[in-house]
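Heads up: the structure comes next, in structure tokens.
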Amino acid sequence: MNDVPATEKRIPGYVGSILELLEKEGHKAYVAGGAVRDIVLGTVPHDYDVATSARPEETLDIFKRAGLPYYDNGIKHGTVTAITEDGNVEVTTFREDGAYSDLRRPDEVSFKTSIEEDVKRRDFTINAMYMDADGVIHDPEGGQTDAANHIIRTVGDPAARFEEDALRILRGIRFCSRLGFDIEPNTLLAMETHCEELKKISGERIAAELIGIVTGRYAPQAIRTGWKVMSVIIPEIALCRGFDQRSEYHDRDVLEHTLDVLSEIPFVEGLGRDPELAMAALFHDLGKPECFVLDEEGTGHMKGHPLVSEDIAERVLTGLKCSKQFVTNVCLLVKLHDTYLKPTRIRVHKFMCQYPMDILNKLKILQRADILAHSPLGLERMSRLEELNRISEELIASGAVFEIKDLDIDGKDIIALGVKEGPEVGAVLYQVFYSYLEERCPNNKDALLNEARRFISTKSV
């Protein structure tokens, strides 16, 4: 952990002002939850939540009289959000949750007057600490000890916590991915015991946690720990665990290879891993068990696995209601990850014309990560990738164009050559573009027009 800031420097002014407002009216108020956890871990919180003894209507009245902007769309669950120039602050009344019939949100809440009772409803000990206006941290559930020991542990009975809110199971794995902490054995056992309940949680909420897991710094560790839970969402993970590829190009099972690929996807401090790349790394080989065949010599072959893996990614991500663009991009990366062209300028140029440049740039990263997770023999493919990347960079540097619209001629020029307006114009432009890709003519107006004339003279357009 990094150094914990001095007590008096732990609470920014805009948050301290809200605590002061509430306390002046005779209420207790504390910074609670994730902000305190981050401070204990020596990192700067991105946002601050306040827990208070004031009931929601009292908080509203205090904010109104102070002229503090707010919105109250969470008031049913006791939350009023203060709006300040420096950031919004959620202010929630001490509460005790009722039954969770949807395994996600309490059917009803009852408001309490004790912060000690309030923290008992929280998920993990590292999130159950609170801090008073003087910056003193209170820790009734042992969160500081667990943070120091890098342990994720539920508050109280883990089974009860996950029965209340099944999404906490994935949250625990996400914290493992983000922080690199181990999950306490009883907590992990309860996660595995109750993970089927995740099927009752909305796809959108599952997707948000899944993206948080794969983009975390310690994502491979988290998935390796929580593979049984992850398999409820993506059943193929269980099939890949321990699956021997029986190939001299691979020296680890499919799941371990997958996690090693994920570990090679760059992690950017403060941003994490690129979500599309990280998700593509997770899915890229999950179709291998379905494609697996042994030849007469006992060597494994998994031809066609990129397309099967693409289908798995599309099924899962669409089912989780991820955005269409996200699904499309992830599936495209999965589909293309094993595509290695003959390294010629013409072939590479044509390939680059088929896909967005953003996808091509990400594909380079995915393919490099994939190769690095092979056996030493499999690493020989790196020279092919480097040659392909060199050619693509030379094409870009030379000013090569990758779309018809970027040619030095357009439809008006074709019409000026006597071609009637309509689809024939596009047909001529397509042929000219193809000739350019074949390097039969450069991208300058005179050469392109000559190529257009040659094509027109041989066709009835």
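Against the conditions (1) assigned to a helix (DSSP H, G or I); (2) assigned by TED's automatic domain parsing to the domain that holds R55; (3) surrounded by fewer than 17 Cβ atoms within 10 Å (Cβ to Cβ), Q144 satisfies every one except (3). Counting just the residues of the stretch 63-94 that are charged (D, E, K, R) and not in a helix (DSSP H, G or I), which one comes out nearest to the chain's Cα centre (by Cα)? Only one residue tops the list, namely E90.
If you go through the stretch 391-406 and keep only what is within 17 Å of R347 (Cβ to Cβ) and touching a residue at least 40 places away in the same chain (Cβ under 8 Å), you end up with I391, S392, E394, L395, A400, V401, F402. Filtered by the rule that a residue be closer than 14 Å to K459 by Cβ and β-branched (V, I, T), the stretch 408-427 gives I414, V419, V425. Residue count for the stretch 261-293 satisfying the condition of being of a type in the set (F, W, Y) and not in a loop (DSSP other than H, G, I, E, B): 2. Name the residue that is surrounded by the most Cβ atoms within 10 Å (Cβ to Cβ), counting only residues in the stretch 342-393 that are in a helix (DSSP H, G or I) and among the polar types (S, T, N, Q). Ranking the candidates gives Q367 first. Annotation note: Cβ proximity below 7 Å between a residue of the stretch 58-83 that is at negative phi and without any contact (Cβ under 8 Å) to a residue 12 or more places away in the chain and a residue that is crowded, with 18+ Cβ neighbours inside 10 Å and of a type outside the set (A, V, I, L, M, F, W, C) (sequence gap 6+ or interchain) occurs for T81/Y70. Set side by side, the residues E256, E276 differ, and just one is at pLDDT 95 or above, touching a Phe, Trp or Tyr at 6+ places or on another chain (Cβ under 8 Å) and crowded, with 18+ Cβ neighbours inside 10 Å, which is E276. Scanning the stretch 211-240 for residues that are closer than 19 Å to P185 by Cβ and outside any helix (DSSP H, G or I) yields Y218, G226.
Scanning the stretch 7-57 for residues that are without any contact (Cβ under 8 Å) to a residue 60 or more places away in the chain and in a loop (DSSP other than H, G, I, E, B) yields E25, G26, H27, G42, T43, V44, P45, H46, D47, A54, R55. Say whether the condition of being without any contact (Cβ under 8 Å) to a residue 12 or more places away in the chain, of a type in the set (D, E) and out of contact with any Lys or Arg (no Cβ under 6 Å at 6 or more places or on another chain) is met by at least one residue in the stretch 367-379. Checked the stretch 367-379: no residue is without any contact (Cβ under 8 Å) to a residue 12 or more places away in the chain, of a type in the set (D, E) and out of contact with any Lys or Arg (no Cβ under 6 Å at 6 or more places or on another chain). Taken as a whole, the condition of being crowded, with 16+ Cβ neighbours inside 10 Å, under 25 Å from K335 (Cβ atoms) and modelled with pLDDT under 95 applies to H250. Screening the candidates T193, T225, T215 for the property of being of a type outside the set (G, A, S) and touching a residue at least 60 places away in the same chain (Cβ under 8 Å) yields one hit, T215. Here is the figure for the stretch 407-461: residues that are more than 23 Å from R345 (Cβ to Cβ), of a type in the set (D, E) and either touching a helix residue (DSSP H, G or I) at 6+ places or on another chain (Cβ under 7 Å) or assigned to a loop (DSSP other than H, G, I, E, B) (or both) total 3. Selection of the stretch 279-312 for residues being of a type in the set (S, T, Y) and either touching a Gly at 6+ places or on another chain (Cβ under 6 Å) or crowded, with 17+ Cβ neighbours inside 10 Å (or both) yields only S309.
Every test in (1) outside any helix (DSSP H, G or I); (2) in contact with a His (Cβ under 8 Å, 6 or more places away or on another chain); (3) closer than 30 Å to A400 by Cα is passed by T339 save one, and that test is (2). Residues in the stretch 180-197: is at least one under 17 Å from the mean Cα position of the chain (by Cα), buried (at least 18 other Cβ atoms within 10 Å of the Cβ) and either assigned to a helix (DSSP H, G or I) or among the aromatic types (F, W, Y) (or both)? The answer is no; no qualifying residue exists.
Reported count of residues in the stretch 418-443, each being in contact (Cβ under 8 Å) with a residue 12 or more places away in the chain and either surrounded by 17 or more Cβ atoms within 10 Å (Cβ to Cβ) or closer than 23 Å to N361 by Cβ (or both), is 11.
The residue that is nearest to the chain's Cα centre (by Cα), counting only those in the stretch 203-221 that are within 15 Å of R168 (Cβ to Cβ) and of a type outside the set (K, R), is G212. Would you point out the residue of the stretch 294-336, among those that are outside any helix (DSSP H, G or I) and among the basic types (K, R), that is nearest to the chain's Cα centre (by Cα)? Here the answer is K321. Of all residues in the stretch 109-130, none are surrounded by fewer than 17 Cβ atoms within 10 Å (Cβ to Cβ) and more than 20 Å from H77 (Cβ to Cβ).
The values are calculated or read from the model by the stated rules, or taken from the named source; none is laboratory data. Quick caveat: nothing in here was measured; it's all calculated off a predicted structure. FYI the Cβ positions are ideal-geometry reconstructions off the backbone, even for glycines, and counts take in every protein chain you see.
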